[in-house]
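So the structure is just underneath, and the comments pick up after that.
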Amino acid sequence: MIEFAGVTKQYGRGAPAVDDLSLVIPSSQTTVIVGPSGCGKTTTLRMINRMLEPTSGSIIWDDTPLTQIKKTVLRRQMGYVIQSGGLFPHRSVADNISTVPRLIGWDATKIRRRVGELMELTELAPELAARYPAELSGGQQQRVGVARALAADPHVLLMDEPFSAVDPVVRGGLQELVRGLQRDLRKTVVMITHDIDEAISMGDQVAILRRGGTLAQVGTPQELLEFPADDFVTSFVGRDRGYRSLGFTSSAPLRLSGVRTTRRPDAATFADPVIVLDETGRPVAWVDPDRPGGTLPLGVTFDPATDSLRQALDAALSSSFGKAVAVTGESGRYAGVVTADEVMRALAEHRQEVLGRRAEEEDAAQEASAEVGAWAPTSPELEQPDPPAEVEEPAPAAEAVERAQSAGQREAG
Ligand code: ADP
Ligand code: MG
């Protein structure tokens, strides 16, 4: 994990850009740092690969303070993606992607193979390899940026507003790409955005910063939606947070009830709702009570094993009879029905449970801190300055990216 311990960053004599930030970034998960413009997100990210140094406090990677890791070594293990990809405009896609492997001296064959792999991974057609960034769409450029950051297989992927320059549809595709990559690669991803929806859809953990660079709240997306710490977080996560939080709650505990089923709608003459099943037991329609032999659309179904309460609620609200139809797994066989009221009841129960658990955790934490008493350990290790023998070396990947970015900006301006 990467741990920020009381990190403050001040530029010159002004107010701190990041103020006493303590935050644990777990390995192999996606942490999204979100907040309004100017709240210190980029500053925070750049302290992770030591493009910036904290004014005070320390950042520790596993057990080693970052100041004890050579910048070159550190940055080789940290891919860096910025808005618009930050590509070298005068280099081909293949050359952009292979920036770091070339810097660390891979041979040509290995580089070619790796570029091919990365283009496949990021869903870039092979024929794009020889093109220049200006000949690509915004979304393609961003994919090249991701491929380049992953080239030397770093442990950590740092992404600064990677998708904010593309339109919503392309953005959705890029988010899906990174989610898919993350399922397979399990990197420690630290992503920055100003968009709370993106944070909630991408993050295993979301840290909300407020202006002045202080941490407003950190938690899972569900925790932020269900228990915002204060008014700032409440307004930041938005008004429909209750509905959105449904998407993070499993529908498995829903108690299903039954309705009559039939395989022959023409033979069904019941007053109550009846579901028509096909020969394999899959629900296909409702019997229309007003038209003998007629049917009504089934609406969307949900699978309690994999779907959330939000999907169950959608299914209930879109159902002809106000009943969500549950199906089981691969077979898609009829499993039972549930009403919107029952979904809301399950949500209320879930909230009670979580509240109970949180109260218990708080009690336990209070007891633990009472036991520890006034003993406040300070590790001397954390205060050690850089070892004097260490010479600053140029930092290939990140600085190359920086240069490319400023070149791009000059060109644009
Ligand atoms: P964000 O990425 O959240 O928009 P930044 O980390 O870029 O925020 O900036 C945080 C604050 O620090 C802002 O007030 C910004 O003006 C200031 N800042 C950023 N970089 C510098 C710099 N190099 N010199 C002085 N102030 C800076
Ligand atoms: Mg920024």
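The values are calculated or read from the model by the stated rules, or taken from the named source; none is laboratory data. Everything numeric in this text was worked out from a predicted model, so none of it was measured. Positions of Cβ are generated from backbone atoms using ideal geometry, with glycine treated the same way; all protein chains shown enter the neighbour counts. Ligands, DNA and RNA are stripped out before the accessible areas are found, and what is left, the full protein with its side chains, is counted by its heavy atoms. Shrake-Rupley method; radii C 1.70, N 1.55, O 1.52, S 1.80 Å.
Derived scalar couplings between HN and Hα for segment 323-335 equal 10, 6, 9, 8, 10, 9, x, 4, 5, x, 6, 4, 10 Hz in order, rounded to whole Hz, by the Karplus curve 6.51 cos²θ - 1.76 cosθ + 1.60 (θ = phi - 60°), x for Gly and Pro.
Look at the alpha carbon pairs under 8 Å that are at least 6 residues apart: their mean separation over the length of the chain gives a relative contact order of 17 percent.
Inter-part distance, segment 103-144 to segment 4-83, computed on C-alpha centroids, equals 28 Å. Accessible area per residue (1.4 Å probe, heavy atoms of protein chains only) ranks F88, F232, F4 as F232, F88, F4, with the largest value leading. Counting only heavy atoms of the protein chains and using a 1.4 Å probe, E120 has close to 150 Å² of accessible surface. Could you tell me which of A271, G247, G258 has its Cα farthest along the dipole of segment 223-276 towards the positive end, charges placed at Cβ (Lys, Arg +1; Asp, Glu -1), taken about the Cα centre? Highest projection toward the positive end goes to A271. Between S235 and D288, the contour length at 0.36 nm per residue exceeds the alpha carbon distance by 14.6 nm. Counted residue by residue at 0.36 nm each, then reduced by the alpha carbon distance between them, the extension gain from E361 to R260 reaches 31.8 nm. When each of the peptides 71-79, 252-260, 282-290 is scored by how many other beta carbons lie within 10 Å of its residues on average, the order from highest to lowest is 71-79, 282-290, 252-260.
Derived scalar couplings between HN and Hα for segment 86-100 equal x, 7, 6, x, 9, 10, 5, 4, 4, 5, 4, 5, 8, 3, 6 Hz in order, rounded to whole Hz, by the Karplus curve 6.51 cos²θ - 1.76 cosθ + 1.60 (θ = phi - 60°), x for Gly and Pro. Express the relative contact order of segment 1-102 as a whole percentage, based on alpha carbon pairs under 8 Å and six or more residues apart in sequence. Here the relative contact order equals 27 percent.
Counting only heavy atoms of the protein chains and using a 1.4 Å probe, H155 has close to 110 Å² of accessible surface. Note on the chain: antiparallel DSSP beta bridges, both residues inside, total approximately 55 percent of the bridges counted. Solvent exposure of D63, expressed as accessible area, is near 130 Å², computed with a probe of 1.4 Å over the protein chains only. Across the alpha-carbon atoms of the chain, the computed radius of gyration and Dmax are 26.3, 89 angstrom.
When the alpha carbon coordinates of segment 271-364 are projected onto the principal axes, the ranges are 62, 28, 17 Å, largest first. A cut-off of 5 Å between modelled amide H atoms, ignoring neighbours fewer than 5 places along the same chain, links G336 with A326. Amide hydrogen proximity for T214: with H placed 1.01 Å from N in the peptide plane, the residues at 5 or more positions away or on another chain lying under 5 Å are D19.
In the chain, which whole DSSP H runs stretch at least 30 Å along their own axis (Cα) and average -1.0 or higher on the Kyte-Doolittle scale?
Flagged H segments are 340-372.
When you restrict to C-alpha pairs under 8 Å that are six or more residues apart and normalise by the size of segment 109-151, the relative contact order lands at 50 percent. Counted residue by residue at 0.36 nm each, then reduced by the alpha carbon distance between them, the extension gain from E135 to E353 reaches 73.1 nm.
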